[in-house]
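Here's the structure we're looking at; comments come further down.
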Amino acid sequence: MDFTLPNFAPAMPEIFVLSMACIILIVDLFLTEHTRVVTYLLSLITLIAAAVLTANLDTAEPVLTFSGTFINDSMAVVLKLFIYLITFVVLVYSHNYLRTRQLYQGEYFVLILFAVLGMMVLVSAHSLLTIYLGLELLSLSLYTLVALRRDSVSASEAAMKYFVLGALASGILLYGLSMLYGVTGSLDIGNISSHISTSIATPAEHSIVLVFALVFVLVGILFKLGAVPFHMWVPDVYHGAPTSVTLFIGTAPKIAAFAMLMRLLVDGLGDLHSQWQTMIIIVAVLSMAAGNIIAIAQTNLKRMLAYSTIAHVGFLLLGILSGTLNGYASSMFYVIVYALMSLGGFGMIILLSRAGFEADRLEDFKGLNQRSPWFAFMMLILMFSMAGVPPTVGFYAKLAVLQAVVEADLVWLAVLAVVFSVIGAYYYLRIIKLMYFDQPDDVAPLAAGFDMRLAMSANGLAILGLGLFPSGLLTLCARALNP
Amino acid sequence: MEQVYLGIVLAPLFGAVLAGLFGRYIGRSGSHWVTIAGVAVSFALSLLVFKQIIIDGAAPFNGAIYTWMVSDGIKFEIGFLVDQLTALMIVVVTFVSLMVHIYTIGYMHDDPGYQRFFSYIALFTFSMLMLVMSNNFLQLFFGWEAVGLVSYLLIGFWFQRESAIYANLKAFLVNRVGDLGFLLGIAVILMHFNTLDYAQIFKMAPHLAHETVTFIPGYEWSLMTVICILLFIGAMGKSAQVPLHVWLPDSMEGPTPISALIHAATMVTAGIFMVARMSPLFELSETALSFMMLIGAVTALSMGLLGIVQNDIKRVVAYSTLSQLGYMTVALGASAYAGAIFHLMTHAFFKALLFLAAGSVIIALHHEQDIRKMGALKNHLPITYWTFLIGTLALIGFPGFSGFFSKDAIIEAVYESTLPGAGMAYAAVMIGVFVTALYSFRLLFLVFHGESRVDAHTRKHLHESPWVVTVPLIALAIPSVIMGAIHAGPMLFHDFFGKAIFVLPQHDVLAHMGREYQGVMGFVLHGLIEPPVWLAFAGIATAWWCYIKHPEIPAVVMSRCATLYRILCNKYGFDDFNDTVFAGGGRRFGRLLWQVGDVTVVDGVMVNGTARGIGWFSSVVRHVQTGYLYHYAFAIIIGLVLMLGWPLLSQ
C-alpha cells in the first residue's frame, strides 16, 4: 500500500465547502428563528469563499489527484464558478420566501451546501466511482429538499416520486457503470477511453456489452437532465416542491448534469459517438417536441417552466450530439444561459408571491405592467430570452447550438429545432401578453425586499447584457473546453 | 437654346408651386397672376422656338439636360428633343392653356378651391410640356403619368360630389389598364434596345424589324408588332379609344375649363402625339397600323352615334371628342401621321372653343347642363353663340374652316391606304361625317335656336359672360377658322415635319395625295365635289328638319326604334359590362380571396388552424402525465428497452 498523501490542493474548494457545511450544521443548532440569518449569511460567505478558492486554482494543465479519481481542469473551474453564482442567487431569492412559510430552517441551507458539494464532486469526477458519489450526494440532498415541507401533500408526493424514480435511474446508471467496468476493467475515465479506442480498432467480442453499457449510462444521464422519455418526474417535482427548492433544482443541477454528460459520454465514451449520436438525436427531438407542445396546455407557471426545461434540454443535447468541440462549447454556453434564465423565471414567481400566496399560476401575471413596470420588463426580457428573441442572450444560445448542428450536416434537425422553438415562443409570449395587455386581478403591491429586487434586476439585466455582448461568455466556454 | 427650353417647362411649374403651396398668402388674384404669367412666358418662348425651328428652319435640338442615374450602362436622363413636331405641340399646348387660364378667372370666380385649381392646371401644363418635349421614354412616361395624375385630381376637383369621385376613380383605373400596356411596351424596348433614348432606338429599329419574340412557347411574334401594340394600348387609355374610352365621358364631372384643356385639347391627344412621335417604330409593323385603324374607325363612328342621344351639353361635346380622337387614330393607322397631328391641332382649337363656349352657356344658366332646359339663347349670348357656331362648323368640316382641311385629309388618306381594314375604316369615317354634323347641329339648335325652355327666373337674369370668358372664345375662334387654310399645304404635303415623322414610301398616302394638291382654293373646290361635304350638309339638314322644323320627330323616332335607342343610351353597355365584370368581378374575386384565401385558408387553417391543432394536441398529450408513479417508471423502462433494442436491430 502506498501511503503517500494525495495532492489536496485541487480539491480545496470541496474540502472547504464540506467543512463549512458541517460547521453551519452545528452552528445552526444554537440559533433561533430570529438569529437564523447567521446561517444564511454563513452560507453566502461559504459560496463566496469557495468561489475565491476555485478561481485561484491553477488550470493551465488538468491536474489529477486522489489516485486519478479527481480532476481539476478549466471546464471544472468555470462550471463550479457558475454553480456558486447560481446557488448564491438562489439563496438570496429564497431567503424571504422561506421566512414567510415556516421553512426557514438550517437544514435548507445545509442541504443546499451538500448538494453544491455533490455537484462539485460530479463536475471534477474522473472516475466512475467519483461520478456516482457526486451524483448520489446531489440527488439525496435534492430528495430531502423537496420533502422539506413534510406536512404538504404535494411536496411529499413529489419527493416520493422523485426519490423512487431517481433510485431507479441510479440503479440503471450503476448497472451501466458496472458493465463498463466489466468490459474495460477500469474505473478511470481516461483508461476507459483509451481501452475503447483500442478495442474499436480491434473489434472485440464484448462490443455489444459495451453498447449496452453505453445505453444504461446514457439513460442515467438523460434522467438527470430530464429528457424525454425520462422526463416524467420533472413537472411533478417542479410543481410539488416549494418554489425555492424548484428554483434550485431547475438551475444549478443542470450544470452538474451537463458536466456528468461531458465526463462520461464525451471524455469516457467519446469514441462511441457514432453509437450515441442517433439515440441523442431521437431524444433531443422528442424533448423539444414534447416540452414545447405540452407547455402550451399548462396553466401553472411552474409546470410550464418544467416543460420548458424539457424543451431546453432538447436544445442542449443538439450541441452535444454534433460531436465537435464547437458543439460541446455551445452546449456549455446553452446550459449556463439556461440556468440564468431559469433562475430569473422561478425568481419572478418568488418575487410576486407573499405569505399565503404562491404566484405560480399564469393569471397571477396578469397586468403586471400596471403593478410594476420594471419587473414586468424584467420578465419580458426573461421570456424573450427563453423564446430566443434577439437581442437577449437566449437567442445566441440557440444560434450557437444550431450552428453546431448545421456544421455537423444535420440541417433538417436545425430546421426542426427552429420550428419547435417557434411553437415554444407561443407560451412565452403569452405571459408577455398577460403582463402587458390584461387587467390585473390583484392590485397588491409587490412584497419583495430590497435584496430580492436588486438580485432580480441584476438577473434580468444580465440576460440583456449578455445578449448585447455575448462574445465574452462564448469565448469563456470555448476556452474552458479547449484550453 | 437649352435655357429657352428649360424656361418653357419650368415657368408653369414655378407658377404651380407658388399657387399651390403659397396660394393662401398670395391670395386669389395673386394665384391667377403667377400661373398666367408662367404660362404666358411659356407661350412666348414656344412661339420663339416655333419661329426658329419651323419658319427659320433651324436644326432640331436633341440633348440631355440632366443625368438622373446610370445603371448597368442604361442612362436615365432628362432631356429635350425639339423638332418640328415638338415645336407645333408646345405652341398648341401653351396657347390653349393660356386661354383656359384666362377663362378660368371667370368660370371659377366663386369657387373656394380657386388657388388649387390654378395650381393644378399650371402643373398640368408643365407635365404636358415635359411629355411632348421629351427625348427619351423615361421622361415620356413621367409626363404621361403626371398628366394622368393631374387629370385625376381635376376630375375629382369637386371632391364632395359622389359622382366626381366615382368618375376620377374610373378614369384612374381605366388609365391603369392602358398604362400597364405602355409600361410593358417600354420594358420590351428596354430589353431589346438596351436604351431609352428615342434617337438611338429609331436608329436601331430597322435592324430589329424582322426580329421575333416568344412569350408563349410555340408562338412567335414580330418584335415590332408587340412593341407597337403595347405602346398603342397606352395610347388607347390616354386617348380614350374603344374599349378604354369609358372614362372620358365621366370626366366631364370636372370643371369645364379642364374639360376643354385636358379632356379635349391636349392630354387626350397625348396618345396620338406619342404614336406620331414613334412613327419610325409603327411604320415597321403593318399589323399594328391595321389594328390602330380599326380601333380608330370603331371609336370614330360608335362614339359619334352616342353624341346624338346625349342631353348633357358637355357630354355631347365629350362624345364628339371621342369620335374625333377616333379620326386621328384612323389617320395614324393609315400612316398619315401629319394628318393626325394636323387634325390634333385644329381639333385642339375648335374643341377647346366648343367646351369653353358650352361653359359660357353653363355659367349663364347658373350651372344648368341639360340641353332640354335650354333653347333660344342666341340673342342673349351673342358672342357665345357666334363662337360656338364657328366651333361647330369647324368640327363638322364645313368647307374653308380648319376642321374641313384636316378631316378631309384623313378621309382621303384612309381612301388611299392599302392596309387591311382600310375599306371598313373608310366607310366608318364617311358615315361619321354625317353623324358629326347631325349631333353638332342638334346641339346648336337645341341650345341656341327654337323655343326657350329656360325657366322664367333664370331667363330674367340672362346676360353675356364677362370679358375673361369671351376673350378666350374669340381668341380660339380665330385659329379655328384660319389654321386649316394656313397649314393645310405645308403640314400635309410639304416637308413641314422634316425628319420628325418617318413614313415608309409604300405607306406614304399623303405624298400620293400631295401630287394632286393645287393650293388651298383647289382643296376647297375639290372638297365641294366630294361626298364628305355633302354628307355634312345632309347632317345639318337632318338636324334642322328634326329639331327646328318638326321638333316632334325625335320622339317618334325614339319610340319606333326603342331598342336602338336603349342601346345608345346604355352606351353599348360598356359601363354596365365594366361595372359587372371587371369592377364587380374584381370585387367578387377579392372577396373570394379574402373569404376563402385569407379568412379560411390563411387565418383559419394555417394560422389559427395550426395554433388550434397544436393546442388540441397539447391538451391531449398532457394526459400522458398521469401522475402515477408506476406509469413514470414504466416510461423509463420502455425508453431503456427501446434504446437497448435499437442498436441490436441496427447491427
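Numbers for the structure displayed
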read-out: Residues (within 13 Å of chain B (Cβ to nearest Cβ) and either assigned to a loop (DSSP other than H, G, I, E, B) or without any contact (Cβ under 8 Å) to a residue 40 or more places away in the chain (or both)) located in region A:204-221; value: A:Ser207, A:Ile208, A:Val209, A:Phe212, A:Ala213
read-out: Residues located in region B:234-256, provided they are closer than 14 Å to B:Leu173 by Cα and either not hydroxyl-bearing (Ser, Thr, Tyr) or not in a helix (DSSP H, G or I) (or both); value: B:Gly234, B:Met236, B:Gly237, B:Lys238, B:Ala240, B:Pro243, B:Leu244, B:His245, B:Val246, B:Trp247, B:Leu248, B:Asp250
read-out: B:His380, sole failed condition from (1) assigned to a loop (DSSP other than H, G, I, E, B); (2) without any contact (Cβ under 8 Å) to a residue 12 or more places away in the chain; value: (2)
read-out: Test: residue in region B:57-73 that is of a type in the set (A, V, I, L, M), modelled with pLDDT under 90, closer than 22 Å to B:Ile272 by Cβ and open to solvent by less than 50 Å² (accessible area, probe 1.4 Å); value: no
read-out: Filter pass, A:Asp271 being over 25 Å from A:Ser322 (Cβ atoms), acidic (Asp, Glu) and open to solvent by 30 Å² or more (accessible area, probe 1.4 Å); value: no
read-out: Some residue of region B:549-572 being touching an Asp or Glu at 6+ places or on another chain (Cβ under 7 Å), open to solvent by 50 Å² or more (accessible area, probe 1.4 Å) and either under 26 Å from B:Leu389 (Cβ atoms) or outside any helix (DSSP H, G or I) (or both); value: yes
read-out: Selected residue (criterion: least open to solvent (accessible area, probe 1.4 Å)) from residues of region A:406-432 that are free of Cβ contacts under 8 Å to residues at least 40 places away in the same chain and within 14 Å of another protein chain (Cβ to nearest Cβ); value: A:Ala425
read-out: Residues located in region B:611-651, provided they are more than 29 Å from A:Ser154 (Cα to Cα), more than 9 Å from chain A (Cβ to nearest Cβ) and at pLDDT 80 or above; value: B:Arg612, B:Gly613, B:Val641, B:Gly645
read-out: Test: residue in region A:283-291 that is facing another protein chain (nearest Cβ under 10 Å) and within 28 Å of A:Tyr181 (Cβ to Cβ); value: yes
read-out: Count - residues of region B:621-641 that are in a helix (DSSP H, G or I), within 24 Å of A:Ala295 (Cβ to Cβ) and open to solvent by 70 Å² or more (accessible area, probe 1.4 Å); value: 5
read-out: Condition broken by B:Arg459, with the remaining ones in (1) open to solvent by less than 60 Å² (accessible area, probe 1.4 Å); (2) more than 18 Å from B:Ala394 (Cβ to Cβ) satisfied; value: (1)
read-out: Residue within region B:515-522 that is of a type in the set (Ser, Thr, Tyr), crowded, with 19+ Cβ neighbours inside 10 Å and under 26 Å from B:Phe350 (Cα atoms) present; value: no
read-out: Pairs where the first residue, in region A:102-130, is under 19 Å from A:Arg263 (Cα atoms) and the second is of a type in the set (Asp, Glu) and assigned to a helix (DSSP H, G or I), C-beta under 8 Å, 6+ apart; value: A:Leu117/A:Glu14; A:Gly118/A:Glu136; A:Met120/A:Glu14; A:Val121/A:Glu14; A:Ser124/A:Glu14
read-out: Residue in region B:428-456 that is nearest to B:Ile362 (Cα to Cα), counting only those that are open to solvent by 20 Å² or more (accessible area, probe 1.4 Å), assigned to a helix (DSSP H, G or I) and in contact (Cβ under 8 Å) with a residue 60 or more places away in the chain; value: B:Leu446
read-out: Output for region A:294-303, where each listed residue is within 11 Å of chain B (Cβ to nearest Cβ) and of a type outside the set (Lys, Arg); value: A:Ile294, A:Ala295, A:Ile296, A:Ala297, A:Gln298, A:Thr299
read-out: A:Ser457 being more than 14 Å from every other protein chain (Cβ to nearest Cβ) and free of Cβ contacts under 8 Å to residues at least 60 places away in the same chain; value: no
read-out: Test set (1) open to solvent by less than 30 Å² (accessible area, probe 1.4 Å); (2) in a helix (DSSP H, G or I); (3) at pLDDT below 90 - B:Arg372 fails condition number; value: (1)
read-out: Test for B:Val39: is it hydrophobic (A, V, I, L, M, F, W, C) and touching a His at 6+ places or on another chain (Cβ under 9 Å); value: yes
read-out: Qualifying residue in region B:306-320 (condition: assigned to a loop (DSSP other than H, G, I, E, B) and open to solvent by 10 Å² or more (accessible area, probe 1.4 Å)); value: yes
read-out: Single residue of A:Ser186, A:Ser199, A:Ser193 found to be part of a loop (DSSP other than H, G, I, E, B), farther than 24 Å from A:Val116 by Cα, open to solvent by 10 Å² or more (accessible area, probe 1.4 Å) and more than 14 Å from chain B (Cβ to nearest Cβ); value: A:Ser186
read-out: Number of the condition not met by B:Val414 [criteria: (1) open to solvent by 20 Å² or more (accessible area, probe 1.4 Å); (2) part of a helix (DSSP H, G or I)]; value: (1)
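The values are calculated or read from the model by the stated rules, or taken from the named source; none is laboratory data. The structure displayed is predicted, hence computed values, not measured ones. We place every Cβ from the backbone using ideal geometry, glycine too, and count neighbours over all the protein chains shown. To get the accessible areas, we keep the full protein, side chains included, count just its heavy atoms, and leave off ligands, DNA and RNA. Shrake-Rupley method; radii C 1.70, N 1.55, O 1.52, S 1.80 Å.
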